[in-house]
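Q: Supplied in structure tokens, the structure appears directly below.
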Amino acid sequence: MMCDFLFSLVCTGEIFELKAELNSDKKEKKKEAVKKVIASMTVGKDVSALFPDVVNCMQTDNLELKKLVYLYLMNYAKSQPDMAIMAVNTFVKDCEDPNPLIRALAVRTMGCIRVDKITEYLCEPLRKCLKDEDPYVRKTAAVCVAKLHDINAQLVEDQGFLDTLKDLISDSNPMVVANAVAALSEIAESHPNSNLLDLNPQTINKLLTALNECTEWGQIFILDCLANYTPRDDRESQSICERVTPRLSHANSAVVLSAVKVLMKFMEMLPKDLDYYGTLLKKLAPPLVTLLSAEPELQYVALRNINLIVQRRPEILKHEMKVFFVKYNDPIYVKLEKLDIMIRLASQANIAQVLAELKEYATEVDVDFVRKAVRAIGRCAIKVEQSAERCVSTLLDLIQTKVNYVVQEAIVVIKDIFRKYPNKYESVIATLCENLDSLDEPEARAAMIWIVGEYAERIDNADELLESFLEGFHDESTQVQLQLLTAIVKLFLKKPTETQELVQQVLSLATQDSDNPDLRDRGYIYWRLLSTDPVAAKEVVLAEKPLISEETDLIEPTLLEELICHIGTLASVYHKPPSAFVEGSRGVQHKRLPGSSVESPDTGSAAGVSEAPPAVIPSQGDLLGDLLNLDLTPPTTTGPPPPASSGMQMGAMDLLGGGLDSLVGLLNTVLSEAVSLRCVIPALQNLSSHYTTCCQVWLPAMKAKGLEISGTFVRRAGVIQMEMTLTNKAMSVMTDFAIQFNRNSFGLAPAGPLQVLTPLSPNQSIEAALPLSTVGPVMKMEPLNNLQVAVKNNIDVFYFSCQYPISMLFAEDGKMERQVFLATWKDIPNDNESQFQIKDCHLNSDAASNKLQGSNIFTIAKRTVEGQDMLYQSMKLTNGIWVLAELRVQAGNPNYTVSTVLVVLAVFKSCAGAAVITIYYQKK
Amino acid sequence: MIHSLFLINASGDIFLEKHWKSVVSRSVCDYFFEAQERATEPENVPPVIPTPHHYLISVLRHRIYFVAVIQSEVPPLFVIEFLHRVVDTFQDYFGVCTEAAIKDNVVVVYELLEEMLDNGFPLATESNILKELIKPPTILRTMVNTITGSTNVGEQLPTGQLSVVPWRRTGVKYTNNEAYFDVVEEIDAIIDKSGSTITAEIQGVIDACVKLTGMPDLTLSFMNPRLLDDVSFHPCVRFKRWEAERILSFIPPDGNFRLLSYHVSSQNLVAIPVYIKHNITFREGSSQGRFDLTLGPKQTMGKAVESVLVSSQLPRGVLNANLNPSQGTYTFDPVTKMLSWDVGKINPQKLPSLKGTMSLQAGASKPDENPTINIQLKIQQMAISGLKVNRLDMYGEKYKPFKGIKYMTKAGKFQVRT
């Protein structure tokens, strides 16, 4: 009916027609014309040319017409900012309208017009609406603050809207509370440390009250906000849980999942022996099961989350295995997720059922799903030892079907079963060998070759079998080639007499005809082993292999904890921390479960420390008691006598004893906390100049009887220097200067005496440069780059501490080999990584790279992906720690993203030069 | 929050777009089209698709993809639930949710979307409230509007929007006061080839149609409330009362609504209303296969099993089927290999059967997949879980309403493996 003429307008001629209709005197005609305009706009046609005519229709008392014009305005104001100003007056007037619907509509629409000039006019009406007597207007205004913040954050802060918004959390109307929470959460996302949602027991109580009365969507916002709160004790935790549990019966699945998140998090704080804890566990299962009867899209998200929940608390769903059984018409993404959870829930009690199901799935049509089902059987065998035999026979049954991909998949998993239960199921090898010819996938071929090599002594024609593979050696994939090489060497070691020729053939193929370095290297290693010491070769090649672990794809515990805190979010769907993928990860804070053993990293305070001015240490500090024991007299105050182990000449010993511990401690901190990486930031941040810190006053004259020391650290031609200016502000002459450092994180020590030769007379300054070495004793400092210094003169000994820029420690030889870099980058565990942004740096990637090179940060490789330049960089600290960084530069965006990784902390040389200690830091 | 919405039809055209914040170019849907190409079936498109700057969350309803674009971390379920609400609203307003209906009412659609979401925050999603704000199009109203020049947008603030009972408007008046409740249960089950139940569960709902004057306060009690251990309520139900007394106490919304949905889990024994005897075999080397199905009633408590429809996806190798039904009609689609047999009512004295042969491609090997049989059925006047309403009382109003309870059992995802 209507659609015919609504969709008929395409050509420009009709634009004129519409123009005429819009300016018509008849109300009805006007309205129909606006409708036509909106209809064209909806389907993506450009009707922006009609802007002035449509805006003219705005001053009307017809609500529908007004709404339609507003719709149009929102769409096109951005492209016609000057025209949009024309609408301002009407907006301001509408904000005073007696009808709350119109007031709300006006403030709502105004917020959607993303034109700077308009936002200025918006402030006054918005302020009024936030305090409006009608809650409908207030709740609309709350959302409008979030919109305005998105357009102009500074304006919102200057106008004090954030405080008004915080006040709305205590509003009497639950819907207003919910919208205020939603708006604040959205704003907080772009201000990670702003503390906008300052949760305390009072606000929590208000939120819980509002939770019962607001709409379903409001409940989601409130629950998500509650999840960020950390209760003071288990009683508070329990009372919140009790008030949240009814939400599990809500019809809206998003409410249910958000409630599950709150409960999963707060449960951590409840003592396990509490009755309520058990009750809560029981209450969690039914709503999760119910989610699975919803539409497939909901099921998918629910299943991804259940996957996390099952890993954290398997007891919740252990009796619910059957609901994860696959229906044949489930979409594939649901099927695969269900399968994954089935394996996680598999136990001795239910393994028979699970296996029967898996076998059923292996005959389905979808190839991906069938493969995964076959793999799942293997995983069951490895997970539930008692079932291994049954699994193997199931797999054999499947091999009998002769369906090509089923057979290949089965052979791959049987190899894993052999690894887990060696010498138990070798009887099946004969059956496997029958299918040798049908294997055409590298993974299956490699698995089969491994099996033949491993059990060569029991397979009579092993040499023939392997020889048949050798024929097309060069056409095989690397995986197969490597496996074939190893298998033949194994065979040779087991049956040396008959297979000499074969092994020579494969060794020459691998070493001479191949250009794959891995293959060649492995070939040479075998060759040399075999030619020099066959006994050793036997010990190496036929060494007993470690058993493979039970569950291979569990999520790492710390990541799992973080993900549990993010149940119901995108992070939980991707099983990745939000920092890994959320656009401009600025707003992301790592969340941890409360009450768990891991202390949450206190990034806020750490940042505070590193920015604090260097504090003067009181002279009684026992840390410093031993500091100056050599050429200076120790303080005569109550400090303890200097311990024997201190001092320069003890450095080497120290390093191997306590020093090593502290080094490991140091490395741990470096790795586990973002804190230390913050020290690297200044170096990277200061892209615009060669990095030198400006001169700071380290020791004010007041604290040092008239001696003022200011200075800075620089690195010149590979030598670290401490450049100081000593000023005498006292009335008497100063002489006999000497300097000493306390043990510090990177072993900094003066390389020579402090060169102040002439006496320093009153009001005179002298500059002294002190070269530093990095072979001094090591002790972890807090913050890492803290340095405690003692200076002596003829008057007294003075102590101060200062912080040196880490960039000073970047060695000239910090350029890593490309290959090494690549390999290392891949191997680093994710939790060594931290990310941050550099704001407002107007350099392109090449200029940045040059500048950084000046600070010994070397660019190893550059890659351009979708307009983003990625620079891969390495730097090496003087103590041998490597830092790898990825710098992402988006053309036109002054903010850089840097991910930094601390690596394989290589060789650390002691000052005595005698001991070389290699420390490999491994994942816990 | 939700940034934009694109509606995409089965042939991959974007026929409607709506932006709640800044405009997102429709090229973002290219990522969706890529995923769509990769998926073998339309329903296999993954619901969450990442793109470099956005996330696409989609649902497929009535052969239309509703694709929401989000930019920051938003709970995906929130988005999916909202999209479902959009679909329900369209269906409610236009009777059907099809491309044609949406295009016909494009302005109403736009007004609705604008009203449902503000800057990505849900605003009004309750159908009661929406209908007060924007009147659904009817032929009569369109005519009246054209003649009188009145509008289909409400001038008043919806009364329910801010009251303690946001789901009900004030001043409701009916001459006939009536309250009807439908207890509908669906059985989801997987039966293995030997006829034993692998898993069976019941998804139940109580849908209500309440047309009562004023502010009635209803209570509904059950004979056997213990059956309901896993329930999701409409927000109107007082949860505390349920926890304490197992009685549903509520002020109902006006009109049609879902009072509660419940789930009887697989741990309880679920009665299976029909059994099926099947013999579908292929012999190696023969281009013929045998097909033999017989249906019979099992635990139906004496009620008749009606509207039975059996369907099965036969193996790809099957060229055609030559079958003979004892009752009803069957069709076989040689392209999709879908066999469906409309059985009708099962007569316990004369069991319906479908027998005959299937022809295979000559020389093709025996198919290795076993077809699964899907069954749909209806049983009137019985809830298979045994749930029974005890009584329905009304407080707060003086008149005497008509009351009615209806029970029905249906097969949900009821599958028999062969």
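Any read-out appearing in this document is the output of simple, stated calculations on the displayed coordinates, not a laboratory observation. Since the structure is predicted, the reported quantities are computational estimates derived from the model, not experimental observations. In this analysis, Cβ positions are derived from the backbone assuming ideal geometry, glycine residues included, and neighbour counts consider all displayed protein chains.
Q: For A:SER185, what charge total do you get from the other residues with a beta carbon under 12 Å from its beta carbon, if Lys and Arg give +1 and Asp and Glu give -1?
A: Every neighbour counted, the sum reads -4.
Q: Counting only other residues whose beta carbon sits under 13 Å from that of A:SER514, what net charge do I get with K and R as +1, D and E as -1? Write down the numbers at each step before the final one.
A: Values: positive: A:ARG520, A:ARG522; negative: A:ASP475, A:GLU476, A:ASP513, A:ASP515, A:ASP518, A:ASP521.
The answer is -4.
Q: Using 5 Å bins from zero, what percent of all Cα-Cα pairs in segment A:36-187 falls into each bin?
A: 2, 10, 20, 21, 19, 14, 9, 4, 1, 0
Q: So for segment B:21-69, averaging the separation of alpha carbon pairs under 8 Å that are six or more residues apart and normalising by length, what relative contact order in percent results?
A: It comes to 22 percent, rounded to a whole number.
Q: Next question, about the same structure. If you average the sequence gap of Cα pairs under 8 Å that are 6 or more apart and divide by the length of segment A:454-577, what percent do you get for the contact order?
A: 18 percent
Q: Tell me whether segment A:314-437 comes out rounded, prolate or oblate; compute the Cα gyration tensor, take square roots of the eigenvalues as a ≥ b ≥ c, and use a/c under 1.5 as the rounded threshold.
A: oblate
Q: If the viscosity is 0.692 mPa s and the temperature 37 °C, what translational diffusion coefficient in µm²/s does Stokes-Einstein give for segment A:381-481 when Rh comes from Kirkwood over Cα pairs?
A: After rounding, the answer is 237 µm²/s.
Q: So if we plug the beta-carbon distance of B:ASP88 and A:ASN794 into 1/(1 + (r/R0)^6) with R0 = 60 Å, what FRET efficiency do we get, rounded to 0.05?
A: Efficiency at R0 = 60 Å is approximately 0.10.
Q: Also: For A:LEU396 paired with B:TYR180, estimate the spin-label separation in nm (one decimal), with each label point 7 Å from Cα along the Cα-to-Cβ line.
A: Label at A:LEU396, label at B:TYR180, 6.3 nm between them.
Q: For segment B:1-102, what relative contact order do you get, as a whole percent, if you take Cα pairs closer than 8 Å and at least 6 residues apart?
A: 28 percent
Q: Among A:462-470, A:532-540, how do they line up from the highest to the lowest mean number of other beta-carbon atoms within 10 Å?
A: The most tightly packed comes first, giving A:462-470, A:532-540.
Q: Report Rg(Cα)/(2.2 N^0.38 Å) for segment A:399-550, keeping two decimals. Can you show the working numbers first?
A: Working: Rg = 15.0 Å, N = 152, 2.2 N^0.38 = 14.8 Å.
Taking the Cα Rg and dividing by 2.2 N^0.38 Å, one obtains 1.01.
Q: Another question about this same structure. Using a cut-off of 9 Å between beta-carbons, work out the net charge of the residues near A:GLU364 (Lys and Arg +1, Asp and Glu -1, A:GLU364 not included).
A: -2
Q: What does the convex hull of the Cα atoms come to per residue for segment B:274-322, in Å³?
A: 91 Å³
Q: Need one value for A:206-218: mean number of C-beta atoms belonging to other chains within 10 Å of its residues' C-beta atoms.
A: Mean number of neighbouring Cβ atoms from other chains: 3.
Q: In which sequence would A:HIS250, A:HIS191 go, from the one with the fewest C-beta neighbours within 10 Å to the one with the most?
A: Least crowded to most crowded, the residues run A:HIS191, A:HIS250.
Q: Remind me, what semi-axes does segment A:301-383 give for its equivalent ellipsoid, largest first in whole Å, using sqrt of 5 times each Cα gyration tensor eigenvalue?
A: Three semi-axes, in Å: 19, 15, 10.
Q: Averaging the inverse of every distinct alpha carbon separation and then flipping it gives the Kirkwood radius. What is it for segment B:1-107, in angstrom units?
A: On the way: mean 1/r = 0.0715 Å⁻¹.
About 14.0 Å, per the Kirkwood formula over Cα pairs.
Q: Give me the distance in nm between label points sitting 7 Å out from Cα along the Cα-to-Cβ direction at A:THR363 and A:LYS128, one decimal.
A: Once both label points are built, they end up 7.6 nm from each other.
Q: Averaged across the residues of A:337-349, what count of C-beta atoms belonging to other chains lies within 10 Å of each residue's C-beta?
A: On the way: counts 0, 0, 0, 0, 0, 0, 0, 0, 0, 0, 0, 0, 0.
Per-residue shielding by partner chains comes out at 0.
Q: Calculate for chain B the 222 nm mean residue ellipticity that helices alone would give, adding -39,500 (n - 2.57) per DSSP H run of length 4 or more and normalising by residue count, nearest 500 deg cm²/dmol.
A: Helix-only estimate at 222 nm: -5000 deg cm²/dmol.
Q: So, by mean Cβ neighbours within 10 angstrom, what's the order for A:212-225, A:143-156, B:222-235, B:388-401 with the highest one leading?
A: With the highest mean Cβ count within 10 Å placed first, the list reads A:212-225, A:143-156, B:222-235, B:388-401.
Q: Mind ordering B:368-378, A:402-412 by average Cβ neighbours within 10 Å, highest first?
A: Final packing ranking: A:402-412, B:368-378.
Q: Mind putting a number on the dipole of chain B about its Cα centre? Charges go on the C-beta only, +1 for Lys and Arg and -1 for Asp and Glu, and I need it in Debye to the nearest 20.
A: Working: 43 positive and 43 negative charges, 322 e Å.
About 1540 debye.
Q: How much length, in nm to one decimal, is gained on full extension between B:GLN288 and B:ARG391, taken as 0.36 nm per residue of separation minus their Cα-Cα distance? Write out the running numbers ahead of the final one.
A: On the way: separation 103, 0.36 × 103 = 37.08 nm, distance 5.85 nm.
Once the chain is fully extended between B:GLN288 and B:ARG391, it gains 31.2 nm.
Q: What does the C-alpha gyration tensor say about the overall shape of segment A:341-412? Classify as rounded when a/c is under 1.5, otherwise prolate if a/b is larger than b/c, or oblate.
A: prolate
Q: To continue, here is another question. Choose one of B:GLY396, B:GLY317, B:GLY386: the residue whose Cα lies farthest towards the positive end of the charge dipole of segment B:271-418 (beta-carbon charges +1 Lys, Arg; -1 Asp, Glu; about the Cα centre).
A: B:GLY396
Q: When averaged across all projection directions, what area in nm² does the alpha-carbon convex hull of chain B cover?
A: Values: hull surface 102.5 nm².
The number I arrive at for chain B is 25.6 nm².
Q: Given that compact globular proteins tend to follow 2.2 N^0.38 Å, what is the ratio of the alpha-carbon Rg of segment B:264-375 to that value? Intermediate results must be reported in sequence, preceding the final value.
A: Details: Rg = 15.6 Å, N = 112, 2.2 N^0.38 = 13.2 Å.
Relative to the rule-of-thumb radius for its length, segment B:264-375 sits at 1.18.
Q: Is segment A:30-120 rounded, prolate or oblate when judged by the Cα gyration tensor, a ≥ b ≥ c being the square roots of its eigenvalues, rounded requiring a/c under 1.5 and prolate requiring a/b larger than b/c?
A: Oblate.
Q: Just rank B:SER353, A:SER79, fewest to most, by other beta-carbon atoms within 10 angstrom.
A: With the sparsest Cβ surroundings first, the list reads A:SER79, B:SER353.
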